[in-house]
Amino acid sequence: MKPFRRRASGILAHGAQTASLLLFWFLLFSTAWPLAEMLLPADFFLHMDPLAAVLAPLAGREWGAILAPGIAILALSFAAGRFFCGWLCPFGATLDLARRLLRARDPDASKKVKDTFDDGLERRGRNVKFFALAIMLGAAVLGVNDFYWGSPIPLITRFYALLAHPLLLFLSNLGLTLGQPIFAVLDMQALRYLDVPARRFDSLYFLLAFFGLLFWLERRYPRFWCRCLCPAGALLGLASQRPLLRRRVTGCAQCSRCARLCPMGAINPQTMQTRHGECLVCRTCADACPARAITFSPWGLASRYVMENASVKSESAAKLAIPDAPEFKVSHLPPLPSRRAFLGSAGLGLLLAGVQRSGAHSLLNADNRQVSPACIRPPGAIPEPAFLALCLRCGECMKGCPSNALQPAWLAAGPEGLFSPVLTPRLGPCLPDCNACGRVCPTQAIKALPLEEKRWARVGTAVVLQNTCLAWAQGRACVVCQEVCPYGAVKLQKMEGFAVPAPVVDNNRCYGCGYCERHCPVLVSAIVVEPLNALRLTSVSYKQTAQAAGMDYAPSDSHGGKRPDAGHAQDLPEGSLPPGFSE
């Protein structure tokens, strides 16, 4: 029964990892408006990220109980080691899947020892993640969010939401196009007229290059991200230096098979010592041991680096024929970084945060104003400094936006705002009856507002560019912006010296939804939304605040229909037609 228990334990670990990845996919790909009521929230995994759970409250100066699961994961690591990385993390599961898919099919590939760290890379690379953790910690002390570069769950969510999902939609449309002759012959009308809306995001090429490099490194060096780069792994590794549940060896046959098969290289092949802060508790070593000499006991050893009975071979183990397993060869594990190096990295993080906060962008944004007119935040976004400190850049809000209006920002919000969500009305408007972005935001950088409140969460104001508008600049009749506005904010007024009525925006009624910009027939939109008069609140009611300021921009119904007092096409001169209409 003992060998069976070893194999069953390994199956349990890999089964948990597979189930975790499948659940992650299901929750992410089901994030679409209208959001379905499920037992688990769509951002369930984002709540478990230990790095975000520690640094987001520190940077945002606000504790949110929504991140408590991440703190619980960190606390459990003191007892169970880095189980999260080996059992639950969808990033690690994706890397393992990529390694299996990308591994060469050459039958002699195992003899070529491609998955090998040389001594220099092993010694220098292992501590990079600790330095990254210290830099992010130092930046968070000054309220600057740099941890979105290394938080594993937001990173992998961004990969699937902004890269994998649009690619799947493209392939689906391609399959439907190629299958049209077959659907016609088989009279499959539903598939003949099925249309899968495409989604596009600005960060496509960056994500492709970033994760392409990671997957290539994964093919060469197993779990390179987890071994060398992941700051969340460094945080869990520090908590797992002396776990209660740890690897234990008795009656070792000295074959070094466990060391060569360990995906993290956590076992020294010369001494069989284990770096518990690197061990993922995946039990690969226990399954691979021909002598069945490896266990994971609750109390473990008295010391981190002491192997019980390491020099004593059991009689049965000595008779075993041990095959070679030269797959994941590792060198001697380096020690943890020195205290001086760690504090120096934290000081570097403070310096970088100071540089970011003292830059021109931050000076212009000192009173919570937007720097760029293109930087329009989603409805319900909290004031800008707190928003940038709490936003994980995970892409959940962009994935859930039904009109594809939310896009990752590049430098529109300055270096601190990289990958944060901005509303891009030219791609799609903000629908009056949708509040998905706030409901899926894990840190509530975008407030989860009920629809009644969200309809008053003004995001900006439309501005008519008179030098490009057809009516203002060319004297041509056009009513598109007036017709599509669900708030009745665009009026056509007869101006002295102009042949046709021209559009004018009523600032007290404009919500900034972007319907006018999206549907403007001019190649470069002649009416654009800017973040003027945007409401960015924390705890005050949006509806009461807007009404107190004399605003009146609630749509007349839940479907975004026009108000009774909205303009009509009969404001045009008799006999004239707007662009897009013909007799």
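The values are calculated or read from the model by the stated rules, or taken from the named source; none is laboratory data. Given the structure is predicted, the values throughout are model-derived calculations rather than measurements. Note that we place each Cβ from the backbone using ideal geometry, even for glycine, and neighbour counts take in every protein chain shown.
So which residues in the range 471-483 are within 36 Å of the chain's Cα centre (by Cα) and surrounded by fewer than 20 Cβ atoms within 10 Å (Cβ to Cβ)? Scanning the range 471-483 gives no hits.
Please work out if Ala341 is modelled with pLDDT of 50 or more, more than 30 Å from Leu217 (Cα to Cα) and either more than 32 Å from the chain's Cα centre (by Cα) or in the same structural domain as Asn145 (by TED's automatic domain parsing) (or both).
Values: modelled with pLDDT of 50 or more: yes; more than 30 Å from Leu217 (Cα to Cα): no; either more than 32 Å from the chain's Cα centre (by Cα) or in the same structural domain as Asn145 (by TED's automatic domain parsing) (or both): yes.
The answer is no for Ala341.
The residue that is surrounded by the fewest Cβ atoms within 10 Å (Cβ to Cβ), among those in the range 160-208 that are within 16 Å of Asn404 (Cβ to Cβ) and among the charged types (D, E, K, R), is Asp195. Within the range 198-215, being touching a residue at least 60 places away in the same chain (Cβ under 8 Å) and touching a helix residue (DSSP H, G or I) at 6+ places or on another chain (Cβ under 8 Å) holds for Arg199, Arg200, Phe201, Ser203, Leu214, Phe215. When Phe206, Phe201, Phe210 are checked against the criterion of being under 30 Å from Cys397 (Cβ atoms), part of a loop (DSSP other than H, G, I, E, B) and modelled with pLDDT of 85 or more, a single residue qualifies: Phe201.
Note on the range 36-68: residues that are buried (at least 17 other Cβ atoms within 10 Å of the Cβ) and assigned to a helix (DSSP H, G or I) amount to 16. Selection of the range 392-440 for residues being under 20 Å from Leu40 (Cβ atoms) and over 17 Å from the mean Cα position of the chain (by Cα) yields only Asn435.
Within the range 467-492, the set of residues being at pLDDT below 90 and among the polar types (S, T, N, Q) comprises just one member, Gln474.
In contact (Cβ under 8 Å) with a residue 40 or more places away in the chain, surrounded by fewer than 18 Cβ atoms within 10 Å (Cβ to Cβ) and outside the structural domain of Arg377 (by TED's automatic domain parsing): does that describe Asn507? Can you show your working first?
Working: in contact (Cβ under 8 Å) with a residue 40 or more places away in the chain: yes; surrounded by fewer than 18 Cβ atoms within 10 Å (Cβ to Cβ): yes; outside the structural domain of Arg377 (by TED's automatic domain parsing): yes.
Against the criterion (in contact (Cβ under 8 Å) with a residue 40 or more places away in the chain, surrounded by fewer than 18 Cβ atoms within 10 Å (Cβ to Cβ) and outside the structural domain of Arg377 (by TED's automatic domain parsing)), Asn507 qualifies.
Screening the candidates Leu449, Leu492 for the property of being under 22 Å from Pro383 (Cβ atoms) and either surrounded by fewer than 24 Cβ atoms within 10 Å (Cβ to Cβ) or among the aliphatic types (A, V, I, L, M) (or both) yields one hit, Leu449. Identification of helices (runs of 4 or more DSSP H) wholly contained in the range 447-497 with 1 or more residues that are under 14 Å from Val522 (Cβ atoms) and free of Cβ contacts under 8 Å to residues at least 24 places away in the same chain yields 470-474. Check the range 505-521 and report whether any residue there is over 18 Å from Cys481 (Cα atoms) and within 35 Å of the chain's Cα centre (by Cα). No, every residue in the range 505-521 fails to be over 18 Å from Cys481 (Cα atoms) and within 35 Å of the chain's Cα centre (by Cα).
As a summary of the residue check, Ala253 satisfies the conditions (1) hydrophobic (A, V, I, L, M, F, W, C); (2) modelled with pLDDT under 85; (3) surrounded by fewer than 21 Cβ atoms within 10 Å (Cβ to Cβ); (4) touching a Gly at 6+ places or on another chain (Cβ under 9 Å) except for the one numbered (4).
Return a yes/no flag: does the range 218-240 have any residue that is in contact with a His (Cβ under 6 Å, 6 or more places away or on another chain), within 27 Å of Ala139 (Cβ to Cβ) and modelled with pLDDT of 85 or more.
From the range 218-240, those in contact with a His (Cβ under 6 Å, 6 or more places away or on another chain) are 240; that's our starting set.
Subset that is within 27 Å of Ala139 (Cβ to Cβ): 240.
Narrowing further to those that are modelled with pLDDT of 85 or more: 240.
Checked the range 218-240: at least one residue is in contact with a His (Cβ under 6 Å, 6 or more places away or on another chain), within 27 Å of Ala139 (Cβ to Cβ) and modelled with pLDDT of 85 or more.
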